[in-house]
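Here's the structure, in structure tokens; my notes come after.
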Amino acid sequence: MAQLQPVRGTHDILPEEYARFRHVVDTARHAAQLFGYREMATPIFEFTDVFARSMGETSDVVSKEMYSFADKGGEEITLRPEYTAGICRAFISNGLQQHVPFKAFAWGPMFRYERPQKGRQRQFHQIDIEVIGAAEPQADVEVISVAAEILRRLGILDKCVLELNTLGDPESRIGYRKALVDYFGGHVDRLSEDSRRRLEKNPLRILDSKDEGDRALVANAPLIEEYLTPAARDFFRAVQDGLGAAGIPLKVSPRLVRGLDYYTHTAFEFTTDMLGAQGTVLAGGRYDGLIEQLGGKPTPGIGWAGGIERLVLLSNPQPAAPHSVAIIPIGPAAEAEAAKLAAELRRADVAVELAYGGNAGKRFKRADKLGCAAAVVIGDDELAKGVAKVKDLKSGEETTVPRGELLSKLKA
Ligand code: ATP
Ligand code: MG
């Protein structure tokens with residue numbers, strides 16, 4: 001039998017990696033709290049329609065990457081490829097209109113059927129920030145500021161560049177769309193098959209194509225800049241000014257578009273040149289039309305998602321978990337005392353390693369390997385005297401400590 005493997009594009013997060021993974025989530029959660037975002041979660045699967053309606057049928061995600069299936073009751077279900085659609089669905093389902101601006105932080109696994117490579121998996125994880133019910137450019141500035149603060153706390157802000165663009169308001173898009181149709185329409189023969197389809201349904205999407213031939217054409221495509229209405233222009237200006245005031249450097253990237261249908265105005269990405277082809281670490285934008293598209297009352301929104309795996313790849317390993325204490329009983333009588341002491345210590349929040357068996361030498365070795373700060377040795381002699389021997393495993397220093405003082409000594 002072939003060796004048992006996880007499904008292609010999925011991977012196990014073993015304890016060492018998990019510590020780094022959790023550090024990213026904890027850092028993000030904490031920074032989000034500092035800005036007034038509250039953690040929430042939505043189900044890992046939704047009705048397929050939630051994603052199809054919001055992300056757009058011509059998006060790569062909906063057209064090629066969704067894990068969709070009919071469940072045993074015949075419902076069309078999809079494993080979530082992203083968080084935004086689910087959170088907006090939850091906003092509508094739970095009648096949260098009275099609670100705007102609704103500011104959420106979330107994290108969890110996402111699923112996309114893609115070609116697996118470094119930084120690109122079929123099950124991956126995202127941290128996510130959303131603000132629903134805020135139309136002001138200050139909200140755009142805030143969500144980008146949260147992102148920058150998280151990257152700063154992870155020590156990777158200076159490895160990233162904030163790229164910013166505007167996709168304009170719906171009115172700007174009408175003129176721009178026409179310009180794109182004219183331009184790409186003149187080069188249909190050079191467009192990829194996917195992009196020919198996009199030309200009819202959503203020409204803006206061509207700008208985000210990964211096909212090389214398409215990319216060559218995109219390089220000379222008209223820019224939205226010329227088609228912005230005064231209101232859209234002012235909005236973009238206000239976002240840039242706000243970021244300037246917040247001390248967040250940015251690069252305007254006039255060709256940046258996002259892969260999903262629901263974006264308006266602000267689009268942004270934090271990118272890095274340190275992860276090869278998978279250089280987008282965190283990305284998002286404004287989605288003023290989305291809630292309505294999902295069947296809710298017109299409600300503006302803005303948010304972003306960051307790939308946890310990519311954030312882990314970019315950040316430095318964290319120092320190991322807090323050190324624990326190993327208890328090493330010698331002889332059957334000491335075993336009982338060791339169990340009692342272990343319970344006492346754990347109740348007082350001291351982590352305890354109690355090796356299941358083996359001689360003292362083996363247990364010492366194991367304590368060392370686990371990185372324990374100290375070993376407590378209890379033998380018949382110590383039992384009789386009501387003491388324990390405490391060995392500092394870093395310095396090697398050994399002291400005899402009365403049983404009653406053990407807890408305070410080991411806590412210190
Ligand atoms: P890409 O252009 O790399 O495919 P995307 O535009 O599809 O990215 P988003 O939908 O914006 O990505 O997702 C936000 C973030 O989630 C990305 O910037 C990335 O960090 C992460 N991400 C997206 N897809 C994957 C994946 N398959 N594996 C790992 N991380 C991913
Ligand atoms: Mg993608």
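The values are calculated or read from the model by the stated rules, or taken from the named source; none is laboratory data. Only a predicted model underlies this, so the values are computations on that prediction, with no experimental measurement involved. All Cβ positions, even for glycine, are placed from backbone atoms using ideal geometry, and neighbour counts span all protein chains on display. Heads up: the accessible areas ignore ligands, DNA and RNA and are worked out on the full protein's heavy atoms, side chains in. Shrake-Rupley method; radii C 1.70, N 1.55, O 1.52, S 1.80 Å.
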Problem - Listing of helices (runs of 4 or more DSSP H) fully contained in region 170-239 that carry 3 or more residues being in contact with an Asp or Glu (Cβ under 9 Å, 6 or more places away or on another chain) - result: 170-185, 193-201
Problem - For Leu157: the one exception among (1) free of Cβ contacts under 8 Å to residues at least 60 places away in the same chain; (2) over 30 Å from Ala232 (Cα atoms); (3) within 16 Å of ligand 1 (Cβ to nearest atom) - result: (2)
Exercise for the section: Could you tell me whether Gly396 is open to solvent by less than 60 Å² (accessible area, probe 1.4 Å) and either among the basic types (Lys, Arg) or within 30 Å of His99 (Cα to Cα) (or both)? Expected result: no
Exercise for the section: Could you please find all residues in region 161-180 being at pLDDT 95 or above and open to solvent by 20 Å² or more (accessible area, probe 1.4 Å)? Expected result: Val161, Glu163
Problem - Selection status of Glu212, over 32 Å from the mean Cα position of the chain (by Cα) and farther than 17 Å from Thr266 by Cβ - result: no
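This table checks each residue for (1) at pLDDT 95 or above; (2) in the same structural domain as Tyr287 (by TED's automatic domain parsing); (3) surrounded by 21 or more Cβ atoms within 10 Å (Cβ to Cβ).
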site	(1), (2), (3)
Ala28	yes, yes, yes
Arg38	yes, yes, no
Ala41	yes, yes, no
Phe45	yes, yes, no
Ser54	no, yes, yes
Ser59	no, yes, yes
Lys64	no, yes, no
Ser68	yes, yes, no
Tyr83	yes, yes, yes
Handout entry: Test for His187: is it in contact (Cβ under 8 Å) with a residue 40 or more places away in the chain and either open to solvent by less than 70 Å² (accessible area, probe 1.4 Å) or under 29 Å from the mean Cα position of the chain (by Cα) (or both)
Key = no
Practice task
Test Val218 against the criterion of being at pLDDT below 95 and either of a type in the set (Val, Ile, Thr) or surrounded by fewer than 23 Cβ atoms within 10 Å (Cβ to Cβ) (or both), and give yes or no.
Solution key: yes
Handout entry: Check on Asp368, part of a loop (DSSP other than H, G, I, E, B) and either more than 16 Å from ligand 2 (Cβ to nearest atom) or surrounded by 12 or more Cβ atoms within 10 Å (Cβ to Cβ) (or both)
Key = no
Fill in the blank from the handout: The condition from (1) open to solvent by 40 Å² or more (accessible area, probe 1.4 Å); (2) within 16 Å of ligand 2 (Cβ to nearest atom) that Glu75 misses is numbered (2)
Completion exercise
Condition set part of a loop (DSSP other than H, G, I, E, B) and of a type in the set (A, V, I, L, M), scope region 333-352, selection farthest from Ser408 (Cα to Cα): answer is Ala351
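Can you spot a residue in region 124-134 that is without any contact (Cβ under 8 Å) to a residue 12 or more places away in the chain, closer than 24 Å to Gln240 by Cβ and either of a type in the set (Val, Ile, Thr) or away from ligand 2 (no atom under 16 Å from the Cβ) (or both)?
No, region 124-134 contains no residue that is without any contact (Cβ under 8 Å) to a residue 12 or more places away in the chain, closer than 24 Å to Gln240 by Cβ and either of a type in the set (Val, Ile, Thr) or away from ligand 2 (no atom under 16 Å from the Cβ) (or both).
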Problem - Meets criteria (in the same structural domain as Asp158 (by TED's automatic domain parsing), at pLDDT 90 or above and in a loop (DSSP other than H, G, I, E, B)) for Gly295 - result: yes
Exercise for the section: Confirm whether Asp140 is away from ligand 1 (no atom under 12 Å from the Cβ) and over 30 Å from Lys297 (Cα atoms). Expected result: no
Fill in the blank from the handout: Of the residues in region 301-314, those that are closer than 20 Å to Thr166 by Cβ and either of a type in the set (S, T, N, Q) or out of contact with any His (no Cβ under 9 Å at 6 or more places or on another chain) (or both) come to Gly301, Gly303, Trp304, Ala305
